[in-house]
Amino acid sequence: MIPLAVPDLSGNEGRYLQECIDSGFVSSVGPFVTRFETAVARAAGAPQAVATASGTAGLHVALTAVGVGRDDLVILPSLTFIASANAIAYCGAMPWLLDIAADRWTLDAGLLEQVLQHETVMQGGRCIHRATGRRVAAVLPVYTLGLPADMGRIVALAKAHGLPVVADAAAALGATVQGQPVAALGADLTVFSFNGNKTVTTGGGGAVVGAGSLLERVRHLSTTARPGEAYDHDAIGFNYRMTNVQAAVGCAQLERLAAFVEAKRQIRARYEAALQGCDRLAFFPAPAGYQSACWFSGVVVEGVDQDGMERLLAGLRQDGVAVRSFWKPIHQQLPYRQAPSTAQGVSDGIWFRILTLPSSTGLTEADQAQVIAAVKRRVQ
Ligand SMILES: *Cc1c(COP(=O)(O)O)cnc(C)c1O
């Protein structure tokens with residue numbers, strides 16, 4: 001079976017792990033954690049980073065740091081991984097789900113403008129959702145598959161309504177917009193995941209990048225909110241730090257970030273070149289000026305229903321190709337059916353037609369040719 005995404009751990013991972021064991025630093029204090037944070041901040045184009053136990057933990061602590069709390073609403077696109085919504089729910093808040101833009105698969109900035117204008121009202125500097133009376137506390141754009149959202153417009157709209165912006169950039173390390181790195185797009189905090197199937201992995205892990213007192217608050221909250229050595233805590237914090245063992249793997253991985261992202265982009269280019277002629281296939285969005293980190297590549301199948309997609313997935317697996325369907329939108333998920341949800345036509349129409357294809361950084365051209373042949377055969 002040609003796998004969907006497996007990590008490449010053939011660099012300094014083993015050597016750095018041995019250093020952890022030899023030094024006895026295996027927990028959440030250690031030289032690799034600091035080194036990893038410096039490397040993530042540099043790669044993201046941010047002043048500083050705080051490493052976390054997972055991307056989900058990073059989202060939760062970031063939302064907490066910007067003030068999201070009980071009964072608030074947080075605006076996000078419905079087409080995302082469930083963790084984006086769960087992090088909001090962990091704060092006691094509720095997602096407000098908006099549709100994606102069809103040509104980007106990220107939060108529809110035009111729709112955001114409409115709902116802020118028509119469905120909220122400003123009261124004493126607070127942005128209130130008219131229908132529920134809840135405070136809107138933040139906007140959470142998601143950089144789908146490593147493609148940044150339309151941050152120029154989203155950030156301007158958020159600022160005009162006094163809303164902080166936390167970006168779920170889980171798979172977007174290495175992406176750029178007009179040459180700008182991913183943390184320089186205007187979000188107050190930007191969150192990455194280093195889960196096992198992401199382009200850069202620590203086994204499990206995440207990071208929040210940002211600047212100044214806000215990032216210091218993230219650091220404080222992620223380490224049980226203890227200002228000093230004594231067991232005095234000044235808030236309800238979390239045990240969300242990354243360990244030195246995870247960071248050791250991450251340091252070795254980040255040494256090869258540029259090569260990994262380049263490999264992902266070439267995989268995408270090869271799929272698109274080879275499948276260009278199939279009129280039942282379309283490709284992932286590529287807005288001008290945006291360089292996606294290309295976490296996963298794949299195709300969109302035209303003129304197919306959910307059953308047809310299931311059959312296609314099963315057929316490709318029979319051919320020895322690991323394939324996956326894509327995220328089911330959050331407004332269709334059992335725990336979030338009651339959440340406010342606005343205009344989901346694009347998400348509803350596309351999510352089940354997205355087919356992600358093998359995209360490991362180490363995918364050989366021969367294996368990719370086999371995938372391409374199988375897709376052509378099955379989609380004809
Ligand atoms: C991977 C991912 C996450 C979750 O990260 P974990 O490290 O697995 O907790 C969150 N959001 C998006 C968009 C992701 O792709």
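Would you mind stating whether Ala158 is farther than 24 Å from Leu254 by Cβ, within 16 Å of the ligand (Cβ to nearest atom) and buried (at least 20 other Cβ atoms within 10 Å of the Cβ)?
No: the conditions fail for Ala158.
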Original post:
Which of the residues belonging to segment 132-150 are polar (S, T, N, Q) and away from the ligand (no atom under 11 Å from the Cβ)?
Top reply: Thr132
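Yes/no per residue for (1) in contact (Cβ under 8 Å) with a residue 60 or more places away in the chain; (2) touching a strand residue (DSSP E or B) at 6+ places or on another chain (Cβ under 6 Å):
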| site | (1), (2) |
| --- | --- |
| Gln117 | no, no |
| Leu140 | yes, yes |
| Ala156 | no, no |
| Ala167 | no, yes |
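Test Glu255 against the stated conditions and say whether it is surrounded by fewer than 19 Cβ atoms within 10 Å (Cβ to Cβ) and in contact with a strand residue (DSSP E or B) (Cβ under 9 Å, 6 or more places away or on another chain).
Values: surrounded by fewer than 19 Cβ atoms within 10 Å (Cβ to Cβ): yes; in contact with a strand residue (DSSP E or B) (Cβ under 9 Å, 6 or more places away or on another chain): no.
The answer is no for Glu255.
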**OP:** Check segment 222-238 and report whether any residue there is within 19 Å of the chain's Cα centre (by Cα) and either loosely packed, with under 15 Cβ neighbours inside 10 Å or of a type in the set (S, T, N, Q) (or both).
**Re:** no
Original post:
Which of (1) within 22 Å of Thr80 (Cβ to Cβ); (2) crowded, with 21+ Cβ neighbours inside 10 Å; (3) touching a Pro at 6+ places or on another chain (Cβ under 9 Å) does Asn197 not meet, given it meets every other one?
Top reply: (2)
**OP:** Tally the residues that are buried (at least 19 other Cβ atoms within 10 Å of the Cβ) and part of a loop (DSSP other than H, G, I, E, B), restricting the search to segment 341-380.
**Re:** 6
**OP:** Quick one: count up the residues across segment 3-40 that are surrounded by 14 or more Cβ atoms within 10 Å (Cβ to Cβ) and closer than 25 Å to Phe296 by Cβ.
**Re:** 12
Original post:
surrounded by fewer than 19 Cβ atoms within 10 Å (Cβ to Cβ) and within 30 Å of Gly11 (Cα to Cα), is that true of Ala314?
Top reply: no
Original post:
Which one of the conditions (1) out of contact with any strand residue (DSSP E or B) (no Cβ under 7 Å at 6 or more places or on another chain); (2) surrounded by fewer than 19 Cβ atoms within 10 Å (Cβ to Cβ); (3) not small (Gly, Ala, Ser) does Cys294 fail to meet, given that it meets all the rest?
Top reply: (2)
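Each reported figure results from applying straightforward, stated rules to the coordinates on display, with no laboratory input. What you see is a predicted model; the values in this text were computed from it and never measured. Cβ coordinates were reconstructed from backbone atoms using ideal geometry, including for glycine residues, and neighbour counts include every protein chain displayed.
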